[in-house]
Each structure stands twice: as structure tokens, then as C-alpha cells.
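Down below is the structure, laid out as C-alpha cells.
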Amino acid sequence: MPATTSNSRFRAGMAAALPFLLVVFPFGVLFGVVATEAGLDLVQTMGMTFVVIAGASQFTAVQLMSENAPVWTVLAASLAVNLRMAMYSASLQPHVGAAPFWARALVGYTNFDQTYAMSMLEYERAPDMTPMQKVAYFLGAATTIIPGWCAATYAGAVGGALIPDSVGLEFAMPIMFLAMVAPMVRSLAHLAAAATSVIVALLAAGLPSGVGLLVAAFAAMLVGAEVERRRGGA
Amino acid sequence: MTYSDATIWWIIVALGLGTYLIRFSFLGLIGARQLPEWLLRHLRYTPVAVLPGLVAPLVLWPAMNGGQTDPAGLAAAVATFAIAWWRKNVLLGVASGALTLTALNMVL
């Protein structure tokens, strides 16, 4: 049946991802602006965007780097933001686990919020797809989004250099983070974790940058998990 | 930023590699083996555990005015969070925050 070949799944994924460009593009531009303002050059900004492809952790890294935080705290905090992707990886495993290694390696590289959310929705809608057709859909979505993400970063990095220093971008980063994290607060446990994070981070503000954040994040994870355990379910 | 270029590249590469290992973990390395429930329960809270703690000092003691809380910035932060949470929409949140900040800076 030609309609279910991997090629057509790839194209379906590409097409379905188009609306997501509207969301990805402003993020990318803002990252380009913020990263160059913080002191990364164009090549470094593009390098980070292409190698990491994970907006929230890139913003986290750049923020801590602009505070000259110790390298290990930059890495630990940024990678902690990405730990949710281990759960994406686990839930994709039953769908594409039977595909060849190279295919799973590519899905790993392109496994981020948008491709994951779109693909899981499609896998539920069309459960008869073979593992390779599922891979094709996933990579199709990524083929639309990744060039958009990189182009947007480039536009922001080049355009951002033209913005005079007097224009305060200090609040761009906090606003970005708050907007990203707010929709994730879906339960009392999430709220408790977020509140713990804020309180401990403020109390620990005297510690070197990044260290206080790690202490706050660790405490917040413990609180979130404990509230969930007591209430039974996220 | 006072890192050397080499340090910056080392951060970029390590962040990319680490992120890749996280994303690939179950697809490639761990496979169908299930992580213990208590660990998954903690992993679920990583974004809401890290990001608010990163933002709070930036909003309450921004470096821009020497450690003084900026009321316009604080209001913008509250507006961003409230709208993004209420509408479950990141970009609406960003727009609300930017508008609040711009409007208050003009008035104050």
C-alpha cells in the first residue's frame, strides 16, 4: 500500500511540523540575541544551537555562563533541564526500539519537545505503522524544525549584534524561562517543586552562581516527588 | 563572560554530548529495561525544579540596577507566569511579559 511507505510518512511528518515553526522561530531568534549579548560569538552560538538543539537548556547554559559560573555547574544545571528527555526516550522505545541502530541514533539526536509530542500523537492515531514508518514520521518532523531553529538563531545572533547595549535585555531571559515553565505546572506536586526551587534559590543566593541553583533543584525534585507519592499520581 | 574560547567550546561539546546521551538513553543503551519508579518520579520534576530557581534571583535582584528589585520587571515576571500558566501557552506568556515591561517602563 503506497500510502503507508516510509517516504510518505516522512513527508507527512514534514508537513505536520510546519505550524510548529511559528513557535520555534521566535524562540530561536531570542536565543540568538541573548547568546550574543551574553558574549558568545556567532560561530559559538550556532554551534550550541546545532549541537544541543534544546532551547531551555541552551538558555540555562547561557545565563549561567554570563554569570561566569563554574563550568561544572553550567553543565549540571543545563543537563538537569534536559533530563525530561530521558522519559521521552523511554516512551519512544516501544515504538521504534525494533528499528535499526542508525535509525534509533538519528531519532535520539532529533528527540526534543516538538518532535516527541507530534510523533506520539501520530503513533496513537495510526498504531499500525511499522517501526521504520514511525522513524520516518519522526525524522520528517525534525527535518522541518531543525533548519527553522538554526535559521532563527542565526537571524537573532546577527540581528542582536545590531541592538545597542543600552536596550535592556536583562529581562528577556527571565520572561522566557517563566513562560516556558508555567505551562509545565500541572499539579500540586509541580507547584510545590517550583515554590521550593524559588525559596531555596533565594536563600542560597550567597553561594557561587550555579551551586545554589543545583541545591535548589535537588530540594525541589525531592519535594515534588514526595508530594506526588503522598497524593498518589502526578 | 570571561571564559576562554576553549572553555566555551568545551561547554558546548559537553552539553551536546550529555544531551544526546539523555535523549538516546532508552532508545539505544538502556533499551526496554524499566527504570525504578522512584527515580522516574524524581525525573518528572526536573524542569519545574531547575527553571524557577534560575529565574527568582534574576527577577528579585537583577544585576542591572545594582541589586535593587525593579518593580516593572517584577510585574512583567508575574504577568508572564500568570498568562502562560492560565493559557498553557509559552508565546502568549512572553508577549504579556514584554508588553507589561514596556508599558510600565514608559509610565514609571
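Odds and ends about this structure:
- Residues that are under 23 Å from residue B:90 (Cα atoms), surrounded by 14 or more Cβ atoms within 10 Å (Cβ to Cβ) and among the hydrophobic types (A, V, I, L, M, F, W, C), drawn from region A:90-136: A:112, A:118, A:120
- Residue pairs meeting the criteria (Cβ under 8 Å; at least 6 apart or on separate chains; first outside the structural domain of residue A:145 (by TED's automatic domain parsing), in region A:13-30; second surrounded by 17 or more Cβ atoms within 10 Å (Cβ to Cβ) and part of a helix (DSSP H, G or I)): none
- Residue that is closer than 18 Å to residue A:57 by Cβ, touching a residue at least 40 places away in the same chain (Cβ under 8 Å) and either at the interface with another protein chain (Cβ under 8 Å from one of its Cβ atoms) or of a type in the set (Gly, Ala, Ser) (or both), where the choices are A:221, A:176, A:184: A:176
- Residue check for residue A:216: facing chain B (nearest Cβ under 8 Å) and in contact with a Gly (Cβ under 7 Å, 6 or more places away or on another chain): yes
- Being surrounded by 22 or more Cβ atoms within 10 Å (Cβ to Cβ), in the same structural domain as residue A:100 (by TED's automatic domain parsing), under 17 Å from the mean Cα position of the chain (by Cα) and under 16 Å from residue A:21 (Cβ atoms) is a condition met by at least one residue of region A:153-164.
- Condition check for residue A:68 on (1) more than 18 Å from residue A:146 (Cβ to Cβ); (2) free of Cβ contacts under 8 Å to residues at least 60 places away in the same chain: one failure, at (2).
- Selection within region A:191-213 - part of a helix (DSSP H, G or I), facing chain B (nearest Cβ under 7 Å), closer than 17 Å to residue B:59 by Cα and of a type in the set (A, V, I, L, M, F, W, C): A:194, A:198, A:200, A:201, A:202, A:213
- Here A:64, A:21 are screened, and the one residue that is under 16 Å from the mean Cα position of the chain (by Cα) and in a helix (DSSP H, G or I) is A:21.
- Yes/no for residue B:108 being more than 8 Å from chain A (Cβ to nearest Cβ) and at pLDDT 90 or above: no
The values are calculated or read from the model by the stated rules, or taken from the named source; none is laboratory data. Everything quoted here is computed from the prediction, not taken from an experiment. A quick note on method: Cβ atoms are made from the backbone with ideal geometry, for glycine too, and the neighbour counts reach across all protein chains shown.
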